[in-house]
1. Just reorder Arg31, Arg153, Arg158 by solvent-accessible area, largest first, 1.4 Å probe, all chains present.
2. Do you know the relative contact order of segment 6-197, to the nearest whole percent, from alpha carbon pairs under 8 angstrom that are 6+ apart?
3. Would you mind getting the accessible area per residue of the chain, heavy atoms of the protein chains only, 1.4 Å probe, in Å²?
4. For Ala50, which sequence-distant residues (separation of 5 or more, or a different chain) have an amide H within less than 5 Å of its own amide H, given hydrogens modelled in the peptide plane?
5. Collect residues whose amide H, placed 1.01 Å from N in the peptide plane, falls under 5 Å from the amide H of Ala137; neighbours closer than 5 in sequence don't count.
6. Could you look at the chain and say what percent of its accessible area is carbon and sulfur, using a 1.4 Å probe and all protein chains?
7. Rounded, prolate or oblate: which one fits segment 105-180, using the alpha carbon gyration tensor with axes a ≥ b ≥ c (rounded when a/c is under 1.5, else prolate when a/b beats b/c, else oblate)?
8. With the cut-off at 26 Å, tell me which of the pairs Lys2/Lys143; Lys2/Lys36; Lys2/Lys146; Lys16/Lys143 have Cα atoms farther apart than that.
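The values are calculated or read from the model by the stated rules, or taken from the named source; none is laboratory data. It should be emphasised that the depicted structure is a prediction, and the values quoted were computed from it without experimental measurement. For the accessible areas, the whole protein counts, side chains as well, though only heavy atoms, and no ligand, DNA or RNA atoms are used. Shrake-Rupley method; radii C 1.70, N 1.55, O 1.52, S 1.80 Å.
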Amino acid sequence: MKITSAEFVKSAFSEKDWPRAPLPEVAFLGRSNVGKSSLINSLLGVKGLARTSSTPGRTQALNFFLINRRFHFVDLPGYGYARVPKSIREEWGEFVTAYLANRERLVLSIHILDSRHDPTQLDVQLSEWLSAHGRPALRVATKADKLSRNELRRNLRRASEVLGAAGEPARLVAYSAVTGAGRDEVWRAISEAVAVSHPPR
Ligand code: GTP
Ligand code: MG
C-alpha cells in the first residue's frame, strides 16, 4: 500500500476518547518492549511517529494514528511488564480489554511477539482470547534481524506450535523493523482487512 499520509490523532485514556470517525481500525498489541511502536513506524516508513523506547512500558494510552485518511492504526500499551504496580497493571488490562472486546470497527489485531523468545503465558492467553472473541488476528514475530536464519526458523516453528489451536500450527510472519523484512506480507493482511470493512469507492 502506498502511504500518502500518516498522522498522530490522539492518545485515549478512556472509552470516551476513542475517535468518532467511522473508520476501520488496526490494533498493535503484545508484551511490553516487543516492538509494537517500532513496527508501526517501520510499516509507515517514518521515524518517531509512534514513540519507541528501550524502557518497557513507554506506551501507556491507546494512541491513534490516521493513515491515508482511510483507517486508523492503534498502538496499545504493552502487557506483562513486571515493574508496573499490580493495580495499574489490572487497570491497563481492563482498559485494553474493553477496547478489544467492544470496538466494532476493529478489523485486525496484530499480535506482536519477540522472535527470540518463546511466547509467554500471557501471549497464549491473548491469542486464545482473540480467537474466542472472533477477532481476526495476525501474528508477527519481530526483531528477526537479531537471529540467525536457523534460529529464526526454529523459534518460529516452536512459537507456532505453542500458539496453535486444535493441533493446527499458528501462522507467524517474521519481521524486522531494522531491515524491513516481512513488511509486504503484513501490509497485504492490513490492506485486505481494511478493504473488506471499507471498500474503496
Ligand atoms: P512499549 O510501548 O514500551 O510496550 O514497547 P513497544 O512494544 O512499543 O516497543 P518499541 O517499539 O518501543 O521497541 C522496544 C525496543 O526494541 C527499542 O529499543 C527498539 O529499537 C527495539 N526494536 C524494535 N523492533 C526491532 C527490530 O525489528 N529489530 C531490532 N534489532 N530492534 C527492534
Ligand atoms: Mg510502544
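1. Ranked from most to least accessible, the order is Arg153, Arg158, Arg31.
2. Details: 325 pairs, mean separation 43.3, N = 192.
Rounded, it is 23 percent for segment 6-197.
3. Details: 10680 Å² over 201 residues.
Dividing the accessible area of the chain by its residue count gives 53 Å².
4. Asn41
5. Result for Ala137 returns Ser109.
6. Values: 5260 of 10680 Å².
Carbon plus sulfur share of accessible area: 49 percent.
7. oblate
8. Lys2/Lys146; Lys16/Lys143
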